């Protein structure tokens, strides 16, 4: 397993295709949720890709302040179905938090998390800061992380 972080304009066509294909497989097909994954936010993001050989098996994006929230935001955290249960999601979120703190020199991170993932995100330092709400027909909560406390 290898991790690579790239800005959008540094991604190759093949990497972008594989990222979008994985996100489509999980967020649209597997979760049976029709929504626009290509939302105009990728262009201003850092993309963390997790590889097994040349296959992208997981990833996430880090959105700049002001794109979704006033704070930096992590979104589209994804792991391919056959790779789940191996701690990959925890590793990539921790990697992203370290990158945000050490490379982007930011302290605060806010996310919109599917409600069933609350315990997972609490395990890496996030706290629920909203009531539950629907986003694309799926229950979500807003969560916040102060990287000085992690």
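Rundown of residues vs (1) in a strand (DSSP E or B); (2) farther than 20 Å from residue 143 by Cβ, yes/no style:
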| residue | (1), (2) |
| --- | --- |
| 48 | yes, no |
| 51 | yes, yes |
| 58 | yes, no |
| 77 | yes, no |
| 86 | no, yes |
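Can you spot a residue in segment 9-16 that is at pLDDT below 95 and more than 21 Å from residue 143 (Cβ to Cβ)?
no
For residue 43, which of the numbered conditions (1) in a helix (DSSP H, G or I); (2) in contact with a helix residue (DSSP H, G or I) (Cβ under 9 Å, 6 or more places away or on another chain); (3) surrounded by 13 or more Cβ atoms within 10 Å (Cβ to Cβ) fails to hold?
(3)
May I ask you to say which residue of 82, 119 is more than 21 Å from residue 149 (Cβ to Cβ) and either part of a helix (DSSP H, G or I) or at pLDDT below 95 (or both)?
The conditions single out 82.
Can you name every residue in segment 1-31 that is outside any helix (DSSP H, G or I), under 17 Å from residue 92 (Cα atoms) and under 17 Å from the mean Cα position of the chain (by Cα)?
Those that are outside any helix (DSSP H, G or I), under 17 Å from residue 92 (Cα atoms) and under 17 Å from the mean Cα position of the chain (by Cα): 2, 3, 4, 5, 6, 7.
What's the number of the only condition in (1) loosely packed, with under 14 Cβ neighbours inside 10 Å; (2) at pLDDT below 95; (3) under 20 Å from residue 121 (Cα atoms) that residue 27 fails to meet?
(1)
Which count do you get for residues in segment 88-109 that are more than 23 Å from residue 65 (Cα to Cα) and outside any helix (DSSP H, G or I)?
So the count comes out to 0.
Identify the residue in segment 56-89 that is more than 21 Å from residue 25 (Cβ to Cβ) and without any contact (Cβ under 8 Å) to a residue 40 or more places away in the chain and, among all such residues, is surrounded by the most Cβ atoms within 10 Å (Cβ to Cβ).
Ranking the qualifying residues of segment 56-89, first place goes to 72.
The values are calculated or read from the model by the stated rules, or taken from the named source; none is laboratory data. Just so you know, these numbers come straight off a predicted model, no measurement behind them. Note: ideal-geometry Cβ built from the backbone for every residue, glycine included; neighbour counts use all protein chains shown.
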